[in-house]
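Contents: one structure, followed by commentary.
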Amino acid sequence: QERMPQTPLFAAMFDSSSYNRNLYQSKEDTCGGLYYHDNNLLSGSLEALIQHLVPNVDYYPDRTYIFTFLLSSRLFMHPYELMAKVCHLCIEQQRLTEPGLDKNWNQKIAPKILQLLTEWTETFPYDFRDERMMRNLKELAQRIASGDEMYRKNVQQLLQNLIRKLSTVSQYEEVLAKIDATSTDRLTVLKTKPQSIQRDIITVCNDPYALAQQLTQIELERLNYIGPEEFVQAFVQKDPLDNDKSCYGDQKKTRNLEAYVEWFNRLSYLVATEICMPVKKKHRARVIEYFIDVARECFNIGNFNSLMAIISGMNMSPVSRLKKTWAKVKTAKFDILEHQMDPSSNFYNYRTALRGAAQRSLTAHSNREKIVIPFFSLLIKDIYFLNEGCANRLPNGHVNFEKFWELAKQVGEFMTWKQVECPFERDRKILQYLLTVPVFSDDALYLASYESESPENHVEKDRWKMLRFVSEI
């Protein structure tokens with residue numbers, strides 16, 4: 001019996017040295033509605049691209065093509081519509097098989113279709129939160145399973161893995177909702193007298209390296225739940241060839257990407273809160289130096305997202321205006337970190353450091369060396385500009401596949417990074433503090449800041465008066 005095609009690892013698939021668009025076609029430029037140049041697929045009609053996704057007796061699509069098309073096709077149609085078309089094409093193939101050669105279909109094509117479904121369910125599991133997707137998947141799986149005992153087991157395995165993934169993400173979402181509720185409930189308490197109620201970060205964890213490790217723990221867990229399609233769904237617009245509807249609209253099945261951006265904001269505000277809370281100047285200076293050390297450890301680990309959140313927390317106005325506090329801080333290390341994350345020349349320094357970390361990750365022998373956590377807002381921005389800068393369709397109505405190779409390459413790189421297992425042990429006490437301790441709002445930060453170091457000009461004085469008035473109501 002023919003072996004099922006093997007799926008290479010994401011790292012191998014999107015490693016820039018081996019990443020290729022070569023789909024082993026003949027030398028002609030156009031082939032069945034697909035346009036090639038130097039053996040690279042550049043464009044094609046939507047129907048031809050769908051046809052190209054479906055295996056047949058002597059063809060199985062290249063894995064980079066599967067990922068790229070499944071990722072980008074949602075700009076043109078719902079995943080359940082694509083799944084319905086794939087099912088239809090597979091059933092059509094079976095129907096066209098000569099009578100009595102059903103066994104041949106099962107031996108030659110069934111393992112390939114099963115492999116395609118495996119890739120789809122493993123890489124884009126959230127698509128299957130839609131009942132219509134699940135129905136089509138089960139129907140096609142049933143058809144494959146009916147032919148052979150071995151396939152039946154494989155089909156069961158595929159469905160079990162998918163259901164496990166979907167229940168895991170549901171549990172994760174419940175945990176996130178609980179964390180949000182806890183920190184909101186406790187925020188009201190903070191408005192009275194924060195110092196007496198809230199422990200500070202240094203009491204909970206006085207080792208900057210340990211804190212950087214727990215931040216990395218949170219980052220990797222949250223990254224892991226972001227589906228590749230969430231990047232594309234973030235900017236889905238109406239397909240010009242589709243008169244009546246937006247392609248995705250309200251059909252989003254997850255908000256892990258938003259939850260991750262919210263975590264970045266929370267960390268920034270947590271840093272600012274911790275700095276503005278202490279009454280004594282020397283305590284505030286100590287907290288600033290502590291966070292500089294945490295940020296440096298994050299940089300060494302390859303956790304650029306926490307690093308940037310810490311820097312942005314320290315650069316918030318209520319913190320940066322504390323001149324007497326900053327005068328007590330040795331800022332040389334902070335200057336180096338700010339230089340690394342300097343936004344000028346399109347974040348040139350950061351991008352250089354990120355490339356270095358990505359290179360290290362490719363040759364790493366341990367999970368510790370594999371960690372690459374990109375500055376996430378910039379990654380989203382890059383993908384957004386790539387999408388805005390190129391049309392989805394060419395003037396002839398063809399899908400601009402060249403654009404989607406680039407999109408898949410950027411998202412695919414992220415996919416290799418999110419699959420790294422965190423090598424550090426979890427510390428429940430520190431994690432709970434980071435995730436649930438109340439943080440100040442903008443107004444509360446300014447109020448604490450003015451009470452630590454008096455307002456310096458009329459604008460600050462007026463703001464302080466207004467904030468005190470509001471807090472007393």
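Take every pair of alpha-carbon atoms less than 8 Å apart whose residues are at least six positions apart; their mean separation over the length of segment 32-160 yields a relative contact order of 21 percent. The largest accessible area among T68, T168 belongs to the first residue in T168, T68, and the rest follow in falling order (1.4 Å probe, all chains). Each of V279, A364, I430 was scored by the projection of its Cα onto the charge dipole of segment 277-431, and the greatest displacement toward the positive side belongs to V279; charges sit on the C-beta of Lys, Arg, Asp and Glu. For segment 313-457, the relative contact order comes to 25 percent (Cα pairs under 8 Å, sequence separation of at least 6).
Heavy-atom accessible area, probed at 1.4 angstrom with all protein chains present, ranks H398, H365, H458, H37 as H365, H458, H37, H398, highest first. Considering segment 261-322 at the alpha-carbon level, its Rg and Dmax are found to be 11.3, 34 Å.
Each residue was assigned an accessible area with a 1.4 Å probe, and for D335 the value is about 80 Å². Accessible surface of R255, taken over heavy atoms with a 1.4 Å probe and every protein chain present, rounds to 120 Å².
Shape class of segment 376-473 from the alpha-carbon gyration tensor: oblate, with a/c at 1.5 or above and b/c at least as large as a/b.
Rounded, prolate or oblate: pick one for segment 289-424, where a ≥ b ≥ c are the square roots of the eigenvalues of its C-alpha gyration tensor, a/c under 1.5 means rounded, and failing that, prolate if a/b is larger than b/c, else oblate. In terms of gyration-tensor shape, oblate. Within the full protein context, the accessible area of K403 is estimated at about 10 Å² for a probe radius of 1.4 Å.
Between the listed residues Y450, W405, W464, the Cα displaced farthest toward the positive end of the dipole of segment 402-473, a dipole computed from Cβ unit charges relative to the Cα centre, is found at W405. Between E221 and A327, the distance separating the two model label sites (each 7 Å from Cα on the Cα→Cβ line) works out to 4.3 nm.
Scaling the Cα radius of gyration of segment 32-160 by the globular reference 2.2 N^0.38 Å produces a ratio of 1.05. Rounded to the nearest 20, the size of the Cβ-charge dipole of segment 32-160 about its Cα centre is 300 debye, with Lys and Arg at +1 and Asp and Glu at -1. Placing unit charges on the Cβ atoms of the charged side chains and taking the dipole of segment 32-160 about its Cα centre, the candidate lying farthest along the positive direction among L70, P55, L159 is L159.
Extension gain, D382 to D335: 0.36 nm times the residue separation minus the Cα-Cα distance gives 14.3 nm. Sorting S344, S452 by solvent-accessible area of protein heavy atoms yields S344, S452, largest first, with a 1.4 Å probe. In the context of the full set of protein chains, segment 41-173 has a per residue accessible area of 42 Å² (1.4 Å probe).
The values are calculated or read from the model by the stated rules, or taken from the named source; none is laboratory data. From a predicted model like this one, the values you see are computed outputs, not experimental measurements. Cβ: placed from backbone, ideal geometry, glycine included. Neighbour counts: every protein chain shown. Please note that ligands, DNA and RNA were not included when accessible areas were found on the heavy atoms of the full protein model with its side chains. Shrake-Rupley method; radii C 1.70, N 1.55, O 1.52, S 1.80 Å.
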